[in-house]
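Notes follow once the structure below has been shown.
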Amino acid sequence: MSASPFRIALITLSDRVFAGERSDEGGNVIREMLTAFPCTIIAQAVLPDEAQQLVALLLKLADHERADLILTTGGTGLSRRDVTPEATLAVIERRVHGIEEAIRAHGLTKTPYAMLSRAVAGVRGQTLIINLPGNPKGVRESLEIVLPILPHALKLLRDERIVDQDHHYNQGNS
């Protein structure tokens, strides 16, 4: 168990949710699935599909609020207004391709439309940022795959002493 709960921020990207025309179903699924996760939700925001606004919020949450994890939902498809991956790429320092690949591979077992996802995952400082789909079913399926590895990943980013599955003690990436 971590020394303290993980600090998590949630961001929904949707013009319709931002305008109050639709409920934040993706954000609600994330909150529901995090109930058993050792975390404190430090922020939850709804933004329109605007890259500059998302970049500014990601920088604030990672650099000033010191979120351990930022989960975004929405804006990862092919529509002209889907800008979440570009905004995320503008702020991360290192991609985590394995998370991206695992989410898409799992999604493909459910629907061929998963191959249209442009979602990315990466690290800025000690913050892991993961883009999730906007569709609530896609959010649930993506988190089912990602949640089991998050404690390990977030502890590595915190440079905490961890015990891996083979019970070898590691300090950070050593």
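Any read-out appearing in this document is the output of simple, stated calculations on the displayed coordinates, not a laboratory observation. Note that the structure is a prediction, hence the values are computed from the model and not measured. Cβ sites come from the backbone with ideal geometry, for glycine too, and all protein chains shown count toward neighbours.
Helix 97-108 sits at what angle to the longest principal axis of the chain, using alpha carbons and giving 0 to 90 degrees rounded to 10?
The angle comes out at about 60 degrees.
Of the trypsin sites (Lys or Arg not before Pro) in segment 73-169, which ones lie in a loop per DSSP and count no more than 10 other C-beta atoms within 10 Å?
R80
Normalising by the residue count of the chain, find the relative contact order in percent from Cα pairs under 8 Å and 6+ residues apart.
It rounds to 23 percent for the chain.
Taking the 0 to 90 degree range and rounding to the nearest ten, how far is the long axis of helix 136-146 tilted relative to the main principal axis of the chain, both from C-alpha atoms?
Computed tilt is about 20 degrees.
Can you say what percent of the DSSP beta bridges in segment 6-171, counting only those with both residues inside, are antiparallel? Round to 5.
35 percent
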